[in-house]
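Bear in mind these aren't lab numbers, they're just calculated from the coordinates by the rules spelled out. Source: prediction; values computed, not measured. Cβ placement follows ideal geometry from the backbone for every residue including glycine, while neighbour counts extend to all protein chains displayed.
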Amino acid sequence: MTLRLPGEEPSAPICSRAGCAEDAVWNVNWRNPKIHGVDRVKVWLACDEHREYLSEYLAARDFPVQVTPLAEKVARVADASSAPSSPGGTA
């Protein structure tokens, strides 16, 4: 973890989990199918500790989720029934 002063911009992407300041290593790619088509991808960043929490939070709301390594980008997030498995088995 890198300590940052208040208002200081991070030098690396940080985890999206509230209160976490760890460096992100995962993209949690998702969309709300009620308002977004498959080509709309929203991304939360996650550290190792919060990857599963963030992806399960979204999946519990029936949002399609695809977790990828930080450097890997996705163009679309398919519905859960047709989405490929992601690292750790959370789709």
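Report, by residue number, each residue of the stretch 26-73 that is closer than 13 Å to PRO13 by Cβ, hydrophobic (A, V, I, L, M, F, W, C) and in contact (Cβ under 8 Å) with a residue 40 or more places away in the chain.
Hits for the stretch 26-73 are TRP26, LEU70.
Would you point out the residue of the stretch 17-63, among those that are crowded, with 16+ Cβ neighbours inside 10 Å and charged (D, E, K, R), that is nearest to ALA75 (Cα to Cα)?
ARG31
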